[in-house]
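Colleague: Here it is, the structure in full.
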Amino acid sequence: MTHSAEHAAIVIRGARIIDPSIGRDEVADVAIVDGVIAGAARVSARAHVVSADGWILCPGLIDIHVHLREPGQTHKETIKTGTAAACAGGFTFVACMPNTAPPLDHPDAVRLVLELSRNAGHCTVGPIATITQGRAGREVVDFAALLQAGAIAFSDDGDGVEDDKVMRTAFEQAATHDTLLIQHCEYKEISAGGVMHAGSVARRLGFPGLDPRSEEAMIERDIDLCRKTGGRYHVAHISTAKAIDLVRTAKADDLPVSAEVCAHHLLLTDEACADANPNTKMHPPLRPNNDVDACRSALLDGTIDCIVTDHAPHTREEKSVGFLKAPPGIVGLETSVGVCAEAMIRSGLADWSALIKWMTDGPARVIRRQPVTTDVDVPAELTLIDPTATWTVDAERFVSKGRCSPFDGMNLTGLPVGTVRGRRLYMRPAAGS
Ligand SMILES: [Zn+2]
């Protein structure tokens with residue numbers, strides 16, 4: 001990427017440092033020497049200086065639900081373009097989903113993703129392996145071999161694991177290896193070809209509705225298995241009030257259960273589907289107001305641990321076949337900060353410190369990654385945000401190959417302007433440095 005360069009010494013001057021993991025919130029200078037956060041006294045006169053007055057400096061943002069599409073679907077996205085989009089969106093770490101072609105069900109595939117992402121150099125990637133061979137839902141993978149290769153968790157995302165016996169074996173494996181299962185909660189016989197939330201908008205359009213029970217019933221089954229086996233369990237893209245109640249109860253019972261919510265489920269309701277724009281089609285679908293409110297409240301009370309994008313690029317051709325036939329999924333890496341700020345901060349519900357926690361410390365704890373901090377002697381992994389920048393989303397200018405965004409044309413406030421990873425500094429074009 002042309003706007004990124006390596007520097008032996010970097011000084012970020014005058015930013016408001018918000019670091020929820022260590023309770024830090026102050027205006028100060030931060031120096032990075034040889035890729036490590038250093039005391040200001042060690043900085044040479046030749047350091048690269050970033051003037052960050054009015055900006056926020058925080059630990060690098062983390063997104064644990066991203067589809068990078070490689071191997072096999074590089075017409076939609078590549079590891080290079082996807083991680084570049086993540087960097088432009090302020091993320092320094094993303095976990096990628098294994099529904100590629102072939103799926104990440106073999107150690108070699110996991111190693112390939114790690115190698116391609118290291119070569120791309122835009123952000124750190126943690127590959128998620130499949131739960132079952134070929135994502136077919138019949139036979140669990142070799143957990144030990146995949147963990148050895150570098151898998152950070154397991155998921156058949158795109159599909160839920162429906163078979164009770166298979167899922168029970170997966171839970172036992174997760175418990176044995178002390179690793180995490182991430183479930184895309186959907187029973188296909190209940191969702192039964194639904195294309196949008198089964199509600200007034202679907203009825204008005206005459207479109208098949210997607211029954212929220214398909215999500216809730218699988219969470220119920222899984223929490224029961226979690227209780228019996230002790231395997232760690234994470235609900236992907238939770239979207240209904242009832243589903244959230246199930247997680248809330250499980251947490252009250254001290255079960256190893258966590259949950260994530262997508263940025264779009266915090267801001268949009270199924271009314272956004274009213275004009276049948278395929279860029280508002282995703283699984284789980286946009287829900288009514290009471291579910292959106294429940295998602296927001298669940299972040300505030302800690303039932304939901306973190307925010308993700310479920311960045312799921314498709315080509316314009318794939319998406320331009322009408323709402324009924326278009327594949328579900330939207331891009332989100334480059335709009336997440338602005339969308340979350342709109343939903344949680346500009347709505348008056350939370351402040352930047354809380355939002356940053358849901359995008360750094362929260363997801364790090366779910367995947368048991370060492371939380372990144374702004375402390376000295378720590379390898380630099382930092383994000384710069386201009387909290388007052390007002391901008392208009394222009395999908396044509398996305399770094400991602402994907403253009404399918406329900407936020408295209410929307411005005412947002414809050415823009416990631418740079419990231420630091422070790423010696424590498426990326427600055428958004430025209431953001432100054
Ligand atoms: Zn999913």
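The values are calculated or read from the model by the stated rules, or taken from the named source; none is laboratory data. Nothing here was measured: the structure is a model prediction, and the numbers come from that model. Note: ideal-geometry Cβ built from the backbone for every residue, glycine included; neighbour counts use all protein chains shown. Quick note on the areas: whole protein, heavy atoms, side chains included, nothing else; ligands and nucleic acids left out. Shrake-Rupley method; radii C 1.70, N 1.55, O 1.52, S 1.80 Å.
Colleague: Non-local amide H neighbours of T124 (under 5 Å, H modeled in plane, Pro and chain starts lacking H): which ones?
Modeller: Amide H to amide H, under 5 Å and 5 or more residues apart or across chains, T124 pairs with F93, V94.
Colleague: If you line up the long axis of helix 79-88 against the longest principal axis of the chain, both from Cα atoms, how many degrees apart are they, to the nearest 10?
Modeller: 60 degrees
Colleague: What does the C-alpha gyration tensor say about the overall shape of the range 341-386? Classify as rounded when a/c is under 1.5, otherwise prolate if a/b is larger than b/c, or oblate.
Modeller: Numbers: a/c = 3.17, a/b = 1.69, b/c = 1.88.
Cα axes put the range 341-386 in the oblate bin.
Colleague: How many Å² of accessible area per residue for the range 172-311, probe 1.4 Å?
Modeller: Counting only protein heavy atoms, the per-residue value for the range 172-311 is 34 Å².
Colleague: Whole-Hz Karplus ³J(HN,Hα) for the range 193-207, in order, using 6.51 cos²θ - 1.76 cosθ + 1.60 and θ = phi - 60°, x for Gly and Pro?
Modeller: x, x, 10, 8, 3, 6, x, 5, 5, 4, 5, 4, 7, x, 8
Colleague: Another question, if that's okay. Give the residue list of trypsin sites (Lys or Arg not before Pro) in the range 123-214 that are DSSP loop and have at most 14 other beta-carbon atoms within 10 angstrom.
Modeller: R138
Colleague: How about the range 29-127: which trypsin sites (Lys or Arg not before Pro) there are in a DSSP loop, with at most 10 other Cβ atoms within 10 Å of their Cβ?
Modeller: R46
Colleague: Residue by residue through the range 49-54, what is 3J(HN,Hα) from phi via Karplus (6.51 cos²θ - 1.76 cosθ + 1.60, θ = phi - 60°)? Round to whole Hz and write x for glycine and proline.
Modeller: Using θ = phi - 60°, the values come out as 9, 10, 7, 10, 3, x Hz.
Colleague: Measuring from label point to label point, each 7 Å out along Cα→Cβ, what is the D301 to D377 span in nm?
Modeller: 4.1 nm
Colleague: If the chain between V27 and S347 were fully stretched, how many nm would it gain, using 0.36 nm times the residue separation less the Cα-Cα distance?
Modeller: 112.7 nm
Colleague: Where the accessible area of the chain is counted over protein heavy atoms with a 1.4 Å probe, how much of it, in %, is carbon and sulfur?
Modeller: Numbers: 7700 of 16040 Å².
Whole-percent figure for carbon plus sulfur exposure: 48.
Colleague: A389's amide H: which non-local residues (gap 5+, or another chain) put their own amide H closer than 5 Å, with H modeled 1.01 Å from N in plane and none for Pro or chain starts?
Modeller: Answer set, sorted by chain and number: G414, L415.
Colleague: Follow-up. Given H placed on each backbone N at 1.01 Å, which residues far from A28 in sequence or on other chains put an amide H within less than 5 Å of it?
Modeller: The list, which skips near neighbours in sequence, is G14, A15, I17.
Colleague: Moving on. Once you have the Kirkwood Rh of the range 317-432 from its Cα pairs, apply Stokes-Einstein at 4 °C and 1.567 mPa s and quote D in µm²/s.
Modeller: 80 µm²/s
Colleague: For the chain, what does the helix formula give at 222 nm: sum of -39500 (n - 2.57) over DSSP H segments with n ≥ 4, over the residue count, nearest 500 deg cm²/dmol? Don't skip to the answer; put the middle values down first.
Modeller: On the way: 14 runs with 123 residues, N = 433.
Using -39500 (n - 2.57) per qualifying helix, the result is -8000 deg cm²/dmol.
Colleague: If you don't mind, another one. Using only the Cα atoms of the range 60-366, construct the convex hull and provide its projected area averaged over every direction, in square nanometres to one decimal.
Modeller: 13.9 nm²
Colleague: Further, regarding this structure: Pick from L180, L147, L68: which is most flexible by mean-square fluctuation in a GNM of the chain where alpha carbon atoms under 10 Å apart are linked?
Modeller: Of L180, L147, L68, the Gaussian network model singles out L147 as fluctuating most.
Colleague: HN-Hα J couplings of the range 412-427 from phi, Karplus 6.51/-1.76/1.60, θ = phi - 60°, integer Hz, Gly and Pro as x?
Modeller: The phi angles translate into 10, 10, x, 9, x, 10, x, 9, 10, 10, x, 7, 8, 10, 10, 10 Hz.
Colleague: Give a quick list of trypsin sites (Lys or Arg not before Pro) in the range 313-390 that DSSP marks as loop, anything other than H, G, I, E or B, with at most 16 other Cβ atoms within 10 Å.
Modeller: Loop-located and lightly packed - K325, R346, R368, R369.
Colleague: Let me ask something else about it. Comparing H177, H283, H314, which has the greatest mean-square fluctuation in the GNM of the chain with Cα pairs linked when under 10 Å apart?
Modeller: Between H177, H283, H314, it is H177 that shows the largest mean-square fluctuation.
Colleague: May I ask for the net charge around T249, where only other residues with Cβ less than 15 Å from the Cβ of T249 are counted and Lys, Arg are +1 while Asp, Glu are -1?
Modeller: Overall, the nearby charge balance is -3.
Colleague: Run the numbers for D275 and N119: contour at 0.36 nm per residue of separation, minus the present Cα-Cα distance, in nm.
Modeller: Values: separation 156, 0.36 × 156 = 56.16 nm, distance 4.17 nm.
Result for the pair: 52.0 nm of gain on full extension.
Colleague: On to the next question. Go ahead and set up a Gaussian network model of the chain, Cα springs under 10 Å, then flag whichever of T388, T78, T100 fluctuates most.
Modeller: T388
Colleague: What lysines sit close enough to K325 to cross-link, taking a C-alpha to C-alpha distance under 16 Å and skipping anything fewer than 8 places away on the same chain?
Modeller: Once the sequence-local lysines are set aside, what remains near K325 is K281.
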